[in-house]
1. Whether any residue in the stretch 178-192 is crowded, with 20+ Cβ neighbours inside 10 Å and aromatic (F, W, Y) is what I want to check.
2. What are the residues in the stretch 193-245 that are surrounded by fewer than 16 Cβ atoms within 10 Å (Cβ to Cβ), more than 18 Å from the chain's Cα centre (by Cα) and under 26 Å from A166 (Cα atoms), if any?
3. List every residue pair whose Cβ atoms sit under 7 Å apart, with the two residues 6 or more apart in sequence or on different chains, where the first one lies in the stretch 67-84 and is farther than 19 Å from I103 by Cα and in a strand (DSSP E or B) and the second, anywhere, is at pLDDT below 95 and not hydroxyl-bearing (S, T, Y).
4. Residues that are in contact (Cβ under 8 Å) with a residue 24 or more places away in the chain and under 18 Å from V83 (Cβ atoms): list the helices (runs of 4 or more DSSP H) wholly contained in the stretch 141-245 that include at least 1 such residues.
5. Return a yes/no flag: does the stretch 53-66 have any residue that is within 25 Å of T159 (Cα to Cα), in a helix (DSSP H, G or I) and touching a strand residue (DSSP E or B) at 6+ places or on another chain (Cβ under 8 Å).
6. Would you please name the residue that is surrounded by the most Cβ atoms within 10 Å (Cβ to Cβ), looking only at residues in the stretch 1-52 that are at pLDDT below 95, assigned to a loop (DSSP other than H, G, I, E, B) and among the charged types (D, E, K, R)?
Amino acid sequence: MNPTPPSTDRHVLVTGGSSGIGLAICRRLIESGWQVTSLDLQPPPDARSGAHLRVDMGDREALAAALAEACGRHRFTGLVNNVAAIRPAPLETTSLDDFDLQIGVTARAALQCVQAVLPAMRAAGGGRIVNITSRAALGKELRSGYSAAKGALNALTRTWALELAAQGITVNAVAPGPIATEAFKAANPADSPRTRRIAEGIPVQRFGEPAEVAHAVDAFMHPMASFMTGQVLYVCGGITVGLAG
């Protein structure tokens, strides 16, 4: 069995591709020759990120309809599960609705997307699935729902990798640390003491860029990445290693 996806007419589905890391992923994959379809509640800023279908990823019926439409148009041999919901809160005030929302948008939606694209990947003899998780899955205060959802996606990455490896479908995860998206910068002003403390805690002494996460995704999507599966790659500036001493 050929372990690599087709080298021509490659279609990839990206969730949450209209802004931030997702937008950078769409643009990088287009540069690498993929034809991109993005699922997002909001439209992209311009036409440089591929096709777009509007959908609320938290609505399982709406997502099912959008996936049926997308898979009716294209045979996807690539999938990037990037979308996530985040509702920061201390443990004692984390609501069950917010917890369920974060699990649903991040993990349940990823499951739906994988199930939708599997027939085309199997027919093609291979495929690439990349899940965007987070170093927060290793633990981060005020993130009960978010860290649980990203941890679930790490576990699903390994489980799906084992189930799909013999079919030539690789499943990997990219786990970013602090990335300077517009949303991150709005919540963490550059002149804030708290922002400076975050940066000082990163061994490389700076925040990451969305394009750097997209680069890691592109590497896992490459035809030569057929021997890498079930891996979680931290793009975190060394936070997961820790400062020496």
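The values are calculated or read from the model by the stated rules, or taken from the named source; none is laboratory data. Given the structure is predicted, the values throughout are model-derived calculations rather than measurements. All Cβ positions, glycine included, derive from the backbone under ideal geometry; neighbour counts span all protein chains shown.
1. Within the stretch 178-192, not a single residue is crowded, with 20+ Cβ neighbours inside 10 Å and aromatic (F, W, Y).
2. Of everything in the stretch 193-245, those that are surrounded by fewer than 16 Cβ atoms within 10 Å (Cβ to Cβ), more than 18 Å from the chain's Cα centre (by Cα) and under 26 Å from A166 (Cα atoms) turn out to be P223, M224, F227.
3. Pairs that qualify, where the first residue is farther than 19 Å from I103 by Cα and in a strand (DSSP E or B) and the partner is at pLDDT below 95 and not hydroxyl-bearing (S, T, Y), are T77/P5; T77/P6; G78/P5.
4. 144-164, 182-187, 210-221
5. Yes, the stretch 53-66 contains a residue that is within 25 Å of T159 (Cα to Cα), in a helix (DSSP H, G or I) and touching a strand residue (DSSP E or B) at 6+ places or on another chain (Cβ under 8 Å).
6. D9
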